[in-house]
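The structure appears right after this line, and notes come after that.
What follows draws every value from the coordinates through simple rules; no lab data is involved. Because the structure is predicted, anything quoted here is derived from the model rather than measured. Positions of Cβ are backbone-derived with ideal geometry, glycine not excepted, and every protein chain shown enters the neighbour counts.
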Ligand SMILES: Cc1cc2nc3c(=O)[nH]c(=O)nc-3n(C[C@H](O)[C@H](O)[C@H](O)COP(=O)(O)OP(=O)(O)OC[C@H]3O[C@@H](n4cnc5c(N)ncnc54)[C@H](O)[C@@H]3O)c2cc1C
């Protein structure tokens, strides 16, 4: 018998909060056992809970936390293919494989994600324009499907099921294990250029000039209007050759000593984030960087995962939680949609600390996978309730009209009608999902809201 604990759960944004029964399987056999104890409740895999909204949540459902399925099963140093269980995290991969000269092929802005969660959201990173998404480096996905059968799928075997699972938000089954092709790296350091960009047009110019650099992104100020709209710091970088690494031992030690010192131990008060503090923060961040460009050699931690240095940083938004909104809009020389979005945000006074902006490449994976060619922008908003939801509805309308979409891995409130217009592939995706899960076993709050799965008991 599985041990089921009833508890409250939320995503990284701490909104919404639901009650579920939770199991922590340690072996594959435990997952099968838990699956057999559904009793008509919705069933869902949950990795490290770094999706922001309700993708990994199911009210009154049964949730398997995959984190203890963390075995590395095989590795081929000639090719870089690693076979591992779904609960292995990117942090685990970094710890074991960076010293051996390998790195994850794609990484999001936190290393605290499982490989199963990375496929469930088909995550992208700073290298999307060169490397595509996580699923473009994955094969032999072992999936527990709605019938209780285990199916191996990838781009060659059961390709439709694979495409529906990549970005399928856990709704095609439980990923038990997969193979991922790690990339060779000459060192754990990155040679980084940071460039102060004065506005949105300048960002686009620097981005266009940086297309041959593997990793690119920028932080932009989203409270300044007028000529300075979209000003910020653009960062681009490549793995540093071993001879450029200054003194790795000393730096490594310093990083490890510093990391646990930073923590947000309690919820921030609601007044902490207001128009004034956010404006001041954006100003300081921008002015701190001298005009023009700077070059430095930095460890992969601050290069890819600056927010991971602060434990529980999501508490800064207080008990009410926060929402992240990530959009992508097709390229447009005038960037009308981006300007309209930034304008709406600054007018609303609910601006975020900093926004992340990046140009995606041409790799499109279809199904519910998020990236399409264009510019993506991600912003955090304290949960101001209805005024915020109204603002986000207005942003949805701008994004939809521009032929863009929002990222489901960050979402907690998109309407079904907007979703269906943003992801016209949804019907084809659902036909595949329904074929593999005719009884509607796999369910989530996001899936119910967007019409991707059954709403009631199976
Ligand atoms: C600071 C921060 C930065 C981020 N930066 C990026 C970024 O740059 N790019 C990006 O794409 N995302 C980014 N994200 C989002 C994050 O990478 C994704 O949401 C990722 O999927 C989280 O992995 P997880 O293991 O926590 O999965 P969870 O959040 O637990 O689950 C995510 C989805 O995957 C499904 N899932 C999880 N495990 C399995 C499994 N074994 N089988 C089937 N389905 C499963 C869940 O049901 C859910 O639908 C960021 C998040 C944070 C907090």
Consider just the alpha-carbon atoms of segment 72-185 and return their Rg together with their Dmax, both in angstrom. 13.2, 41
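What is the gain in length, in nm to one decimal, between residue 244 and residue 225 on full extension, counting 0.36 nm per residue of separation less the C-alpha to C-alpha distance?
Length difference between fully extended and current span is 2.8 nm.
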Report the relative contact order of the chain, percent, no decimals, based on alpha-carbon pairs under 8 angstrom and at least 6 residues apart. 18 percent
Rg in Å to one decimal, and Dmax rounded to a whole Å, for the chain via C-alpha atoms: 21.3, 64
Neighbour-count ranking for 88, 364 (other C-beta within 10 angstrom, fewest to most) reads 364, 88
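By its C-alpha gyration tensor, with a ≥ b ≥ c as the square roots of the eigenvalues, how is segment 322-367 shaped: rounded for a/c under 1.5, else prolate for a/b larger than b/c, else oblate?
Numbers: a/c = 2.55, a/b = 1.53, b/c = 1.67.
Note, shape of segment 322-367 comes out oblate.
Using a/c under 1.5 as the rounded threshold, could you call segment 11-118 rounded, prolate or oblate? The axes a ≥ b ≥ c are square roots of the C-alpha gyration tensor eigenvalues, and prolate needs a/b larger than b/c, oblate otherwise. If you can, show how the numbers build up before the last one.
Details: a/c = 3.38, a/b = 1.61, b/c = 2.10.
It comes out oblate by the Cα gyration axes.
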Whole Å is fine, so just give me how far the alpha carbon centre of segment 3-40 lies from that of segment 379-458. 22 Å
Residue exposure sequence - 172, 79, 216 - by fewest surrounding Cβ within 10 Å: 79, 216, 172
Fewest-first ranking of 82, 94, 171, using other Cβ atoms within 10 Å as the exposure measure: 94, 82, 171
Relative contact order (percent) for segment 72-185, with alpha-carbon contacts under 8 angstrom and 6 or more residues of separation? 32 percent
Modelling each spin label as a point 7 Å along the Cα-to-Cβ direction, I'd like the residue 319/residue 70 distance in nm, to one decimal. 3.1 nm
Could you tell me how far the Cα centroid of segment 296-336 sits from the Cα centroid of segment 162-236, in Å? 10 Å
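Assuming R0 = 60 Å, what is the FRET efficiency of residue 38 and residue 78, from their Cβ-Cβ distance, to the nearest 0.05?
Working: r = 42 Å, r/R0 = 0.70.
Approximately 0.90, to the nearest 0.05.
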Please compute P(r) over all alpha-carbon pairs of segment 337-435, binned at 5 Å starting from zero, and give each bin as a whole-number percent. 2, 11, 22, 25, 20, 11, 6, 3, 1, 0
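With runs of 4+ DSSP H residues as the only contributors, calculate the mean residue ellipticity of the chain at 222 nm using -39,500 (n - 2.57) per run, divided by the residue total and rounded to the nearest 500. Display every interim value, and only then the final one.
Details: 14 runs with 126 residues, N = 458.
Value at 222 nm, helices only, nearest 500: -8000 deg cm²/dmol.
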